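S.K.: Here it is: the structure, laid out below.
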Amino acid sequence: MGNEFRCIRGIHIYRSFHIRAYPNCWFSLCMAKGGIRMVLILDYLDNYKKNIETIMNSIEFPLLDQTTKNSVISTTLNDFSNWSRLSSLWPLLYGTSCCFIEFASLIGSRFDFDRYGLVPRSSPRQADLILTAGTVTMKMAPSLVRLYEQMPEPKYVIAMGACTITGGMFSTDSYSTVRGVDKLIPVDVYLPGCPPKPEAIIDAITKLRKKISREIYEDQISFQRQNRCFTTNHKFHVGYSTYTGNYGQEFFYQPPSTS
Amino acid sequence: MQGRLSSWLVKHGLIHRSLGFDYQGIETLQIKPEDWHSIAVILYVYGYNYLRSQCAYDVAPGGLLASVYHLTRIEYGINQPEEVCIKIFVSRKNPRIPSIFWVWKSADFQEKESYDMLGISYDSHPRLRRILMPENWIGWPLRKDYIAPNFYEIQDAH
């Protein structure tokens, strides 16, 4: 049973080997001393510490360092990973229709969503939340599924607006609107509204955060997605280049031949 | 009573039918599809330099398809430009109308939309393809006898 000392950007984590197998065990998180930012956080955390310290003292944990008790938080690895994911959910900048206007108003200063840690990302490879804002038609459906598949795990979906829940106002007569985006991708939170107010979107994000905080690590490990798509070995045929140098012939007026 | 443009066309011997005036006072003419490409140039030379909109609709199930053009004159300093509405009726079996893209460029996307939704093909349009529906869609959605196929995505959500 050895001690492993790991440094992540000024936060020092003590980890012993047996804890790796049991993610629900308690471990100590020692904050680095010094630095102005750390001092401010220490002030805030002092109120918390009183609640946590009473619990910790009753358990008699041997790894706890008594001389640094003003700068220690204890938590489980599960809760820590959930907390780190829910406080920095980066949404994909995605919007097809009117709901995107409400989503975009969240980026402004009135309904700021940066205070929840949401930074809008343009690339699905860097996003972990997709708020499907806007009607999805059958022409857009393959692109949406491709965007969802390009997002790395763990990813979350909020179906925003009536059009993405059941088709909304287009559910009666439309010939190409997809009735509900859950026919294409799995949805975590359904947010009704046409369009939902920005406050309602923040409420949906809050509910998603609460849902993430209840996640259990073992469930996700057991549900590994492997070999979901059919893949094949590509056989490439070498062909000649189609470069002719004459493009845009259709833009030049060819008078109809009169014969 | 006959509209100004209608009497001018009669004076020059161009075949058309006057369909009267609509609720805003815009005179409406019907033109045959064979004459349309020449009459379009004649109207452009007459002064109508702005194609306000081009739309199309299905007149009756089993009946004709109509392609509608609203033309006005845009000029500096006039508040109430004269406008005219041209309708062209084609049969449902082989709907072909000469394209007026080369006369008024704004007809580009609008004729594509009429082609996509109703199937009216415009001859000599440089790039006539579907614009709203996916490229490989079969059928003309806004025709009155169109039946939407029972795709999984279009079925009701439960």
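S.K.: Can you tell me which condition A:LEU106 does not meet? The list is (1) within 19 Å of the chain's Cα centre (by Cα); (2) in contact (Cβ under 8 Å) with a residue 40 or more places away in the chain; (3) crowded, with 20+ Cβ neighbours inside 10 Å; (4) closer than 26 Å to B:ASP156 by Cβ, and all the others hold.
M.R.: The single condition A:LEU106 does not satisfy is (4).
S.K.: From A:ARG209, A:ARG179, A:ARG228, which residue is modelled with pLDDT of 70 or more and either away from chain B (no Cβ under 14 Å) or under 18 Å from A:GLY95 (Cβ atoms) (or both)?
M.R.: A:ARG209
S.K.: Next question. Kindly provide the set of residues from region B:4-33 that are part of a loop (DSSP other than H, G, I, E, B) and either aliphatic (A, V, I, L, M) or free of Cβ contacts under 8 Å to residues at least 60 places away in the same chain (or both), ordered by number.
M.R.: Passing the criteria: B:HIS12, B:GLY13, B:LEU14, B:ILE15, B:HIS16, B:TYR23, B:GLN24, B:GLY25, B:ILE26, B:ILE31, B:LYS32.
S.K.: If you don't mind, there's one more thing I want to ask. Can you pull out every residue in region A:111-122 that is in contact (Cβ under 8 Å) with a residue 24 or more places away in the chain and of a type outside the set (Phe, Trp, Tyr)?
M.R.: Within region A:111-122, A:GLY117, A:LEU118, A:VAL119, A:PRO120, A:ARG121, A:SER122 meet the criteria.
S.K.: Can you find a residue that is away from chain A (no Cβ under 14 Å), free of Cβ contacts under 8 Å to residues at least 60 places away in the same chain and within 19 Å of B:LEU43 (Cα to Cα) anywhere in region B:91-100?
M.R.: Within region B:91-100, none of the residues are away from chain A (no Cβ under 14 Å), free of Cβ contacts under 8 Å to residues at least 60 places away in the same chain and within 19 Å of B:LEU43 (Cα to Cα).
S.K.: Going residue by residue through region B:29-40, is there one that turns out to be surrounded by 20 or more Cβ atoms within 10 Å (Cβ to Cβ), touching a Ser or Thr at 6+ places or on another chain (Cβ under 9 Å) and of a type in the set (Gly, Ala, Ser)?
M.R.: No, the conditions are met nowhere in region B:29-40.
S.K.: Among the listed residues B:ILE138, B:ILE74, which satisfies the condition of being more than 13 Å from every other protein chain (Cβ to nearest Cβ) and β-branched (Val, Ile, Thr)?
M.R.: Matching residue, one of B:ILE138, B:ILE74: B:ILE74.
S.K.: Mind checking which residues of region B:114-135 are over 15 Å from A:THR137 (Cβ atoms) and either within 11 Å of another protein chain (Cβ to nearest Cβ) or touching a Leu at 6+ places or on another chain (Cβ under 7 Å) (or both)?
M.R.: B:TYR115, B:LEU118, B:ILE120, B:SER121, B:TYR122, B:ASP123, B:SER124, B:HIS125, B:PRO126, B:ARG127, B:LEU128
Okay, residues lined up against (1) under 14 Å from the mean Cα position of the chain (by Cα); (2) within 14 Å of chain B (Cβ to nearest Cβ); (3) assigned to a helix (DSSP H, G or I); (4) β-branched (Val, Ile, Thr):
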| residue | (1), (2), (3), (4) |
| --- | --- |
| A:ARG110 | no, no, no, no |
| A:LEU118 | yes, no, no, no |
| A:ILE130 | yes, no, no, yes |
| A:THR135 | no, yes, no, yes |
| A:CYS163 | no, yes, yes, no |
| A:SER174 | no, yes, no, no |
| A:TYR190 | no, yes, no, no |
| A:ALA204 | yes, no, yes, no |
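The values are calculated or read from the model by the stated rules, or taken from the named source; none is laboratory data. The model shown is predicted, which means the values in this text are computed figures rather than measured ones. Methodologically, a virtual Cβ is constructed for each residue, glycine included, from the backbone with ideal geometry; neighbour enumeration extends over all protein chains shown.
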